[in-house]
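Undergrad: Below you'll find the structure I mean.
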Amino acid sequence: MSALSSRHLLGIKDLSAEDIRKIFRTADTFKEVLSRPIKKVPSLRDLTIANLFFENSTRTRISFELAEKRLSADVVNFSASSSSVKKGETLIDTVNNILAMKVDMVVMRHPVPGAPVFLSRHIDSIIINAGDGTHEHPTQALLDAYSMREKLGPDFSKRKVAIIGDIMHSRVALSNIFALQKLGAEVMVCGPPTLIPHHMAELGVKVSYNLRQTLEWCDVANVLRIQLERQDTRYFASLREYALYFGLNRQLLDSINKDIVLMHPGPINRGVEITSDVADSRQSIILQQVENGVAVRMAVLYLLAGRSLDD
């Protein structure tokens, strides 16, 4: 029985607020483990976890693999670019072949929205969504919210969080909105009108097309990458124009009379959505997000495997 209310982690929408808080408390424990000279515990030494990445990934794949190894799990890495998928093998065939090797958990990134849900209905393993198309990226949202909690405290009801940039093509945006709302925060999305879906207001978030006004409103600015690889048409005239109207730079931040916490899920297009002097400034917790990602993913793996710290 999972220590969370859901057997899988397919999206933030399937978690309760208490699930999220339990993940945070568990991550606190694992963050302490990661500060020790020996950064490994035997918690999942009897489990085999397969990382199935049908899209390129660096940070998420490495973070999950490190989390799994820190928990002493056996790890199998799968890359679609060097697999039989290139020869026409279906998703189900690929996974069934891996499951024949007695895999207990599957961490999957896939370009098609809903692929992890599809998989969870056809195989018996625990499924963790590491990003499905432009749909959700739940562990990124969890580590983002955990990093905010670490910086500003556990009371999200007083927090105003702005998500800035390419909302339309971002799986991070939707998962962040769900997580922050469950925790009680106010959320605003900001970007060019062409990059903000019309249904955003229906999700209960504020919508802004003015970066300065957004920064004056928020406590935290989570800046998203412009995902040119997902754009099938031109949504703005040029990257230079985007940077002019929606890029965070030192001059703009200095002109606002408040300290804003700055975040970015990576990879950063420096000089486009954020300048280097801002990304590397004292207001930025981007590197803390990366560090916290391992502890949060350890917590997710541990709890889904049915281990409870209350036992």
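The values are calculated or read from the model by the stated rules, or taken from the named source; none is laboratory data. Treat the numbers as computed from the prediction; the structure is a model and nothing was measured. Reconstructed Cβ throughout: ideal geometry from the backbone, glycine too, with neighbour counts over all protein chains shown.
Undergrad: Let me confirm something: among VAL187, VAL220, which residue is hydrophobic (A, V, I, L, M, F, W, C), touching a residue at least 60 places away in the same chain (Cβ under 8 Å) and closer than 30 Å to ALA3 by Cβ? Walk me through it before giving the result.
TA: Values: VAL187 fails: touching a residue at least 60 places away in the same chain (Cβ under 8 Å).
Exactly one of VAL187, VAL220 is hydrophobic (A, V, I, L, M, F, W, C), touching a residue at least 60 places away in the same chain (Cβ under 8 Å) and closer than 30 Å to ALA3 by Cβ, namely VAL220.
Undergrad: Any residue in segment 242-257 that is assigned by TED's automatic domain parsing to the domain that holds GLN283 and among the aromatic types (Phe, Trp, Tyr) sitting within a Cβ distance under 6 Å of a residue that is assigned to a helix (DSSP H, G or I) and surrounded by 12 or more Cβ atoms within 10 Å (Cβ to Cβ)? List the pairs, counting only those 6 or more apart or interchain.
TA: Matching pairs, first to second residue: PHE246/LEU211.
Undergrad: Further question on the same structure: What number of residues within segment 125-161 are touching a helix residue (DSSP H, G or I) at 6+ places or on another chain (Cβ under 7 Å), among the hydrophobic types (A, V, I, L, M, F, W, C), in the same structural domain as LEU211 (by TED's automatic domain parsing) and surrounded by fewer than 23 Cβ atoms within 10 Å (Cβ to Cβ)?
TA: Of the residues in that region, 1 qualify.
Undergrad: Evaluate segment 217-226: report whether one residue or more is basic (Lys, Arg), modelled with pLDDT of 95 or more, over 23 Å from GLU18 (Cα atoms) and surrounded by fewer than 21 Cβ atoms within 10 Å (Cβ to Cβ).
TA: Step one: of segment 217-226, the residues basic (Lys, Arg) are 225.
With the extra rule that they be modelled with pLDDT of 95 or more, the set shrinks to none.
There is no residue in segment 217-226 that is basic (Lys, Arg), modelled with pLDDT of 95 or more, over 23 Å from GLU18 (Cα atoms) and surrounded by fewer than 21 Cβ atoms within 10 Å (Cβ to Cβ).
Undergrad: I've got another one for you. State all residues of segment 182-210 that are surrounded by 19 or more Cβ atoms within 10 Å (Cβ to Cβ) and in a helix (DSSP H, G or I); if no residue qualifies, say none.
TA: Selection gives LYS182, LEU183, LEU195, MET200.
Undergrad: Ok, one more. Of all residues in segment 13-40 being of a type in the set (S, T, N, Q) and within 25 Å of GLN181 (Cα to Cα), which is farthest from the chain's Cα centre (by Cα)?
TA: First, the residues of segment 13-40 that are of a type in the set (S, T, N, Q): 16, 26, 29, 35.
Okay, now just the ones that are also within 25 Å of GLN181 (Cα to Cα), so 16, 26, 29.
Values: SER16: 17, THR26: 17, THR29: 20 Å.
Out of the qualifying residues, it is THR29.
Undergrad: Quick one: count up the residues across segment 180-196 that are touching a helix residue (DSSP H, G or I) at 6+ places or on another chain (Cβ under 7 Å) and either under 15 Å from PRO265 (Cα atoms) or among the charged types (D, E, K, R) (or both). Reasoning before the result, please.
TA: Taking segment 180-196 as the starting set, the residues that turn out to be touching a helix residue (DSSP H, G or I) at 6+ places or on another chain (Cβ under 7 Å) are 180, 182-185, 187-192.
Next, only the ones that are either under 15 Å from PRO265 (Cα atoms) or among the charged types (D, E, K, R) (or both) stay: 182.
Adding up the residues that qualify gives 1.
Undergrad: Any idea which of (1) in a loop (DSSP other than H, G, I, E, B); (2) hydroxyl-bearing (Ser, Thr, Tyr); (3) at pLDDT 90 or above is the one THR134 doesn't satisfy?
TA: (3)
Undergrad: Hey, can you tell me all the residues within segment 122-131 that are in a strand (DSSP E or B) and either in contact with a Pro (Cβ under 7 Å, 6 or more places away or on another chain) or at pLDDT below 90 (or both)?
TA: ILE127, ASN129
Undergrad: For segment 179-197, which positions are out of contact with any strand residue (DSSP E or B) (no Cβ under 8 Å at 6 or more places or on another chain) and under 15 Å from THR134 (Cα atoms)?
TA: Start the filter on segment 179-197 by keeping residues that are out of contact with any strand residue (DSSP E or B) (no Cβ under 8 Å at 6 or more places or on another chain), which leaves 179, 182-184, 192-195, 197.
Within segment 179-197, LEU195, PRO197 meet the criteria.
Undergrad: Can you give me the number of residues within segment 244-270 that are under 24 Å from the mean Cα position of the chain (by Cα) and either at pLDDT below 90 or β-branched (Val, Ile, Thr) (or both)?
TA: The number of residues fulfilling the criteria is 6.
Undergrad: Here's another thing I want to ask about it. Return yes or no: is HIS199 under 23 Å from PRO111 (Cβ atoms) and touching a helix residue (DSSP H, G or I) at 6+ places or on another chain (Cβ under 8 Å)? Talk me through it step by step, then tell me what you get.
TA: Details: under 23 Å from PRO111 (Cβ atoms): yes; touching a helix residue (DSSP H, G or I) at 6+ places or on another chain (Cβ under 8 Å): no.
So HIS199 does not fit the description; no.
Undergrad: Would you be able to say whether some residue in segment 15-37 is among the β-branched types (Val, Ile, Thr), surrounded by fewer than 19 Cβ atoms within 10 Å (Cβ to Cβ) and within 27 Å of LEU99 (Cα to Cα)? Break it down stepwise before answering.
TA: Of the residues in segment 15-37, the ones among the β-branched types (Val, Ile, Thr) are 20, 23, 26, 29, 33.
Now narrow it down to the ones that are surrounded by fewer than 19 Cβ atoms within 10 Å (Cβ to Cβ): 29, 33.
Still in the list and also within 27 Å of LEU99 (Cα to Cα): none.
Taking every residue of segment 15-37 in turn, none turns out to be among the β-branched types (Val, Ile, Thr), surrounded by fewer than 19 Cβ atoms within 10 Å (Cβ to Cβ) and within 27 Å of LEU99 (Cα to Cα).
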